[in-house]
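Here is the structure we will look at.
Taken together, the values in this text are just the output of simple stated rules run on the coordinates, not laboratory data. From a predicted model like this one, the values you see are computed outputs, not experimental measurements. Backbone-built Cβ (ideal geometry, glycine too); neighbour counts: all protein chains shown.
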Amino acid sequence: MDHVRGKTDGELGPIPNLPVSEESINLLMDEVRSAGDTLRSRPFPDEIVRYKRAVRNFMHYVVENCYTLDHETGIPKFLKPGYKGPRGTPEAMKQITYTKIEVIDKKLEDLAAMLLASQMSQLEITSRLEEIKGLLIDLLQ
């Protein structure tokens, strides 16, 4: 995973550390829209990278500021009262760590969904170009 992440970071640059504010959201959204408009009219490699960077930065901001993760350790649901399956097996006695994702900013989540829905054609262009790039690399190997 780090190998892939390092490659992406090298291609797209570092993720900006923006303060939580309406201004930061607007700046990131404007960058996605601007890069998307440019990509639509000029589907060149530099524009694809610019668009990917803008989307990655926006999504990173949303994930960092819209959700919280909570980890809880507990027994599997099938061991709770009423379960009639095999008991006492070593696998059944192991505790499981559950991860709960909680939305802390519904407005930001809705805004992200709306922005990505409006960017579907650009995202599809980027996806198709990445697919073609992968096929070309496969041919060269």
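Where does the charge balance sit around THR68 when Lys and Arg score +1, Asp and Glu -1, over other residues with C-beta under 15 Å from its C-beta?
Taking every other residue near THR68 into account, the sum is -4.
Run the simple label-point estimate for LYS100 and SER24 please: 7 Å along Cα→C-beta, distance reported in nm.
Between LYS100 and SER24, the label points sit 2.5 nm apart.
Under a straight-distance cross-link criterion of Cα-Cα below 13 Å, which aspartates and glutamates are reachable from LYS100, leaving out those fewer than 8 residues away in the same chain?
Leaving aside aspartates and glutamates fewer than 8 places away in the same chain, those within reach of LYS100 are ASP70, GLU72.
Within straight cross-link reach of LYS133, meaning Cα distance under 15 Å, which aspartates and glutamates are found once same-chain residues fewer than 8 apart are removed?
Those aspartates and glutamates meeting the cut-off are GLU11, ASP46, GLU47, GLU124.
Given the C-alpha centroids of segment 46-63 and segment 107-141, what is the distance between them in whole angstrom?
Between the Cα centre of segment 46-63 and that of segment 107-141, the gap is 11 Å.
Identify all aspartates and glutamates with a Cα-Cα distance to LYS107 below 20 Å; exclude those on the same chain that are fewer than 8 residues away in sequence.
Partners found: GLU22, GLU23, ASP30, GLU31, GLU64.
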